[in-house]
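The values are calculated or read from the model by the stated rules, or taken from the named source; none is laboratory data. Given the structure is predicted, the values throughout are model-derived calculations rather than measurements. Virtual Cβ from ideal backbone geometry, glycine too; neighbours counted across all protein chains shown.
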Amino acid sequence: MAEKEKMSIVVFSDDLDKALAAFILATSGASMGMDVSMFFTFWGLNILKKNSGGGKSKGIMKKMLNFMNRGGSRRLKLSKFHMFGLGTWMMKKLMKETNLPSIDEFITMAKQMGVKLIPCSTSCGVMGIAEGAFREEVESLAGAAYFLNEARQSKVALFI
Amino acid sequence: MKADQSLDCMGLYCPMPIVKTAQKMKDLKKGEVLEVVADDKGIKQDMPAWCETTGNEFLGIEEESDEIKVYVRKTKD
């Protein structure tokens, strides 16, 4: 294998379960010697936001949106059975019991393995997310053309 | 089967055994054999697939009750 095989994932959702699937595939791909890029767009950007907050949005609507849509890897909810937090709490407990890393740990692990975490610039612009809102592991922002160029060369391209 | 190094993945689920195997293989020299001990049944399918993709040699599986041992030879540096 002269050139590394590529894998591209669009992470659209900020559901805990979907984020988990995305990171399991990304870290597995990296373990298999693939060059993995993850593009975070729309709600998916919440996964990359700092848990501690940060980054000021401009304009009242964007401020309100980012106040309500706070994000952070530790605040993700299950797509089903969230049950006002009870279901998500139980799922996190089960994940811990089965020694599965948390999303936080998956982000660190993925980064160490060379997975690229790329926020979508348009989503950031529309939703008024300042670059300072993201954790330090992220790469610079990019657009659809960058993703498509990566996806075009990828043997595996997914939308989650 | 004799192995040069062993990796304990008991109690770990996908993707952790594969992730740890990939990291551990960096410590091995070309030609050496790694034994991975796990209890997640998925490893019986995952490890041959990992070997096929990475080009390492899959040597086989040994099973004793809940313990699954898989053997991999590193084929390149």
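Per-structure values
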quantity	calculated
Residues of the stretch A:124-140 that turn out to be under 13 Å from the mean Cα position of the chain (by Cα) and buried (at least 18 other Cβ atoms within 10 Å of the Cβ), as a count	3
Filtered residue count, the stretch A:1-57, keeping only those that are polar (S, T, N, Q) and at pLDDT below 95	3
Out of B:24, B:74, sole residue that is within 14 Å of chain A (Cβ to nearest Cβ) and either under 21 Å from residue A:26 (Cα atoms) or touching a Pro at 6+ places or on another chain (Cβ under 8 Å) (or both)	B:24
The stretch A:38-92, residues that are in a helix (DSSP H, G or I), among the aliphatic types (A, V, I, L, M) and surrounded by 15 or more Cβ atoms within 10 Å (Cβ to Cβ)	A:45, A:47, A:48, A:65, A:91
The stretch A:108-122, subset within 14 Å of chain B (Cβ to nearest Cβ) and either in contact with a Phe, Trp or Tyr (Cβ under 8 Å, 6 or more places away or on another chain) or in a helix (DSSP H, G or I) (or both), residue surrounded by the most Cβ atoms within 10 Å (Cβ to Cβ)	A:110
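The rows are residues; the columns are (1) more than 22 Å from residue B:13 (Cα to Cα); (2) among the aliphatic types (A, V, I, L, M).
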site: A:69; (1), (2): yes, no
site: A:73; (1), (2): no, no
site: A:84; (1), (2): yes, no
site: A:88; (1), (2): no, no
site: A:95; (1), (2): no, yes
site: A:136; (1), (2): yes, no
